[in-house]
Structures are given as structure tokens and as C-alpha cells.
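Below is one structure, written out as C-alpha cells; comments come after it.
The values are calculated or read from the model by the stated rules, or taken from the named source; none is laboratory data. Values in this document were obtained by computation on a predicted structure and should not be read as measured data. Cβ placement follows ideal geometry from the backbone for every residue including glycine, while neighbour counts extend to all protein chains displayed.
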Amino acid sequence: MYTVFQPSPVYFLIDQVAVTLDPATANPFLQLSEDRTQVCCGEKRQKVLEGAVRFDRAACVLGKEAFCGRFYFQVTVGGKTSWDVGVARDSVTRKGKVKATPDAGYWTVALRNGGSLMAKEANPVPLAAGLGLEKVGVFVDYPRGVVSFYDVANMSLLYSFTSQSFMGQLRPLLSPGQREKGRNSAPLAICVDRPIT
């Protein structure tokens, strides 16, 4: 049985990866920054090339890079009322309604209604932290079948999916949520800062 431990931030320095977002996978309503490290939901559908790799209904975008092994990345989530952050199997279905759970190849945590944080298991698991969360760290230990989420402010563990079977490479996944009449217009941003040691 794999036990999830409380890490020192130094531990993640070895496994932190650079992540950019893949515009070819982005839902047509999503807007990416020029450097492809930020995403927000726009007011209008953009004219983009349709393709098998693009999410057509779910407001999601995948990272350009796919990974195996151990890797870690951070996402700035502050100022938002709704979002999803995590990883997805490279081969996930991107058309129609997405069931973002592990059995469909998604391992994510999500914020709803400005403070309701949950892990998206088959039956969603409510999590204590939500209000005031600024940055989320995502750590994947592929060989051990673990995806863990941390509050970067103090590196406290938010949730871990354990004993998972991944089958294929994994890619970071971000969903900035709907705009909610401007209340949720802030972007999700890949954070390039190193964890505080």
C-alpha cells in the first residue's frame, strides 16, 4: 500500500516541469494568452479549426506536453469562483459531455460556487479547503499510480487519488469555468515559480 507523505517543497524541485497549453485542444470559447500559460473563458465562440483533439462542449484545454514518470506543476487559481485542475490521459474523449472522473481518464479537483472544493471521483469527495486558495500544486507519481493536489501556500495536501492505473501518457488539464457574468473572468495560469523552500 502506497502511503502519501507530507513533502518538503524541496522535494518537488526535482520533478517540476514546464507546461504550456495546447491551443488545438482548447474549447472554442476559451482564450489562451500569447505565451500559452494562461486560459480564461471568453464571451464569444472563436473561429477555430475543428478537429478530433479539440474539446467541443467541455470548457477544457490540455497541456501541450505529455508525461510519464514523476512530475509536478502549479496553477494559479486565485480570484476565481469556478475551475477544474488536474491531469488527463492523452487519449481521453473530447467530444460531447465529458465525465471527468478517473474511470474516464481524468484526475481533477474542482471549485464550484466560489468556495465548494471537491475531488472528482465517481462520487465527488468534498474537501475542506476552498476559500482563499491561491495556487494548486499537482504531483503525479505515475509508477505508483498516485495523483496528489497541494495548497502551494503551505504545501498541505488537499487530496490524493491512489492505486490508479493510468495506461498511456498524461497531460495537464485546466478548465477555467464559465464567466458567470464577469465574476469568474480571471484566468487560470500555469505558475513558473518554484515552491518556497
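Suppose we filter region 139-197 for residues that are farther than 21 Å from residue 38 by Cβ and either among the small types (Gly, Ala, Ser) or part of a loop (DSSP other than H, G, I, E, B) (or both); how many remain?
The total comes to 16.
Any residue at all in region 150-163 that is surrounded by 21 or more Cβ atoms within 10 Å (Cβ to Cβ) and closer than 21 Å to residue 185 by Cβ?
Checked against the condition, which is being surrounded by 21 or more Cβ atoms within 10 Å (Cβ to Cβ) and closer than 21 Å to residue 185 by Cβ, region 150-163 yields no hits at all.
Among the residues of region 112-127, how many are assigned to a strand (DSSP E or B) and not hydroxyl-bearing (Ser, Thr, Tyr)?
7
Assess whether residue 63 counts as being at pLDDT 90 or above and not aliphatic (A, V, I, L, M).
yes
Determine whether residue 100 is in contact with a Phe, Trp or Tyr (Cβ under 6 Å, 6 or more places away or on another chain), surrounded by fewer than 21 Cβ atoms within 10 Å (Cβ to Cβ), part of a loop (DSSP other than H, G, I, E, B) and not basic (Lys, Arg).
yes
Given the options 192, 147, name the one that is in contact with a Ser or Thr (Cβ under 9 Å, 6 or more places away or on another chain), under 21 Å from residue 66 (Cα atoms), in contact (Cβ under 8 Å) with a residue 40 or more places away in the chain and exposed (fewer than 14 other Cβ atoms within 10 Å of the Cβ).
192
I need a count of the residues in region 103-122 that are out of contact with any Ser or Thr (no Cβ under 9 Å at 6 or more places or on another chain) and farther than 14 Å from residue 84 by Cα.
Matching residues across region 103-122 total 1.
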